[in-house]
Amino acid sequence: FWVAANNKWNPFNPESSLQSTIDWFANPDWGLGLPFPELMAYMAWGAEYFGAILLLLGLAVRWVSIPLMITMLVAAFSVHWKNGWQAINGIEFAATYFVMLLALFFIGAGRYISIDYWLAKRYMANEVHHVDS
């Protein structure tokens, strides 16, 4: 997701711009012809950029999985569907990422190396202590 986001726009590179993605989202002849291309480009970039950071940290993993799954569905059906199941340009990557995100949505970030785990451990322990009091 980090690579996909930075291919759309790298905010730390002054020569980078989201405009080419907006143009591609907007143009029905050589692009996707999507409605609200500027909004869609920023939403796709934001989901991928901030989603990558949150997944790496293991923070709000279940919540961030939702917009990323939506991004994968949009990518699969609007961009890659016509190429079939091919790994490079087809829907294989989008489908694989969707399944992985779906698993994260249901099982969460995991133990010991995610912020979600440590937050839950700390605050659930406090909840149990307050209930017992």
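The mean sequence separation of alpha-carbon pairs under 8 Å and at least six residues apart, normalised by the residue count of the chain, gives a relative contact order of 19 percent. With Cα atoms defining each centre, the range 110-125 and the range 32-86 are spaced 26 Å apart in the structure. Between residue 117 and residue 50, take the C-beta separation as r, use R0 = 22 Å, and let me know the FRET efficiency to the nearest 0.05. Approximately 0.65, to the nearest 0.05.
Mind giving me the FRET efficiency for residue 39 and residue 99? R0 is 25 Å, r the Cβ-Cβ distance, nearest 0.05 is fine. Between residue 39 and residue 99 the formula returns 0.35.
Here the range 1-79 is treated as a sphere whose radius is the Kirkwood value from Cα pairs; by Stokes-Einstein at 4 °C and 1.567 mPa s it diffuses with a coefficient of 100 µm²/s. Per residue, the chain exposes 68 Å² of solvent-accessible protein surface, assessed with a 1.4 angstrom probe and all protein chains in place. Taking the inverse of the mean 1/r over every pair of distinct Cα atoms in the chain gives a Kirkwood hydrodynamic radius of 16.5 Å. If R0 equals 22 Å, the separation of the Cβ atoms of residue 124 and residue 57 corresponds to a calculated FRET efficiency of about 0.70.
The values are calculated or read from the model by the stated rules, or taken from the named source; none is laboratory data. Remember, predicted model here, so these are calculated numbers, not experimental data. Every residue, glycine as well, gets a Cβ built from its backbone with ideal geometry; the counts of neighbours run over all protein chains shown. With ligands, DNA and RNA removed, areas are computed over all heavy atoms of the protein, side chains included. Shrake-Rupley method; radii C 1.70, N 1.55, O 1.52, S 1.80 Å.
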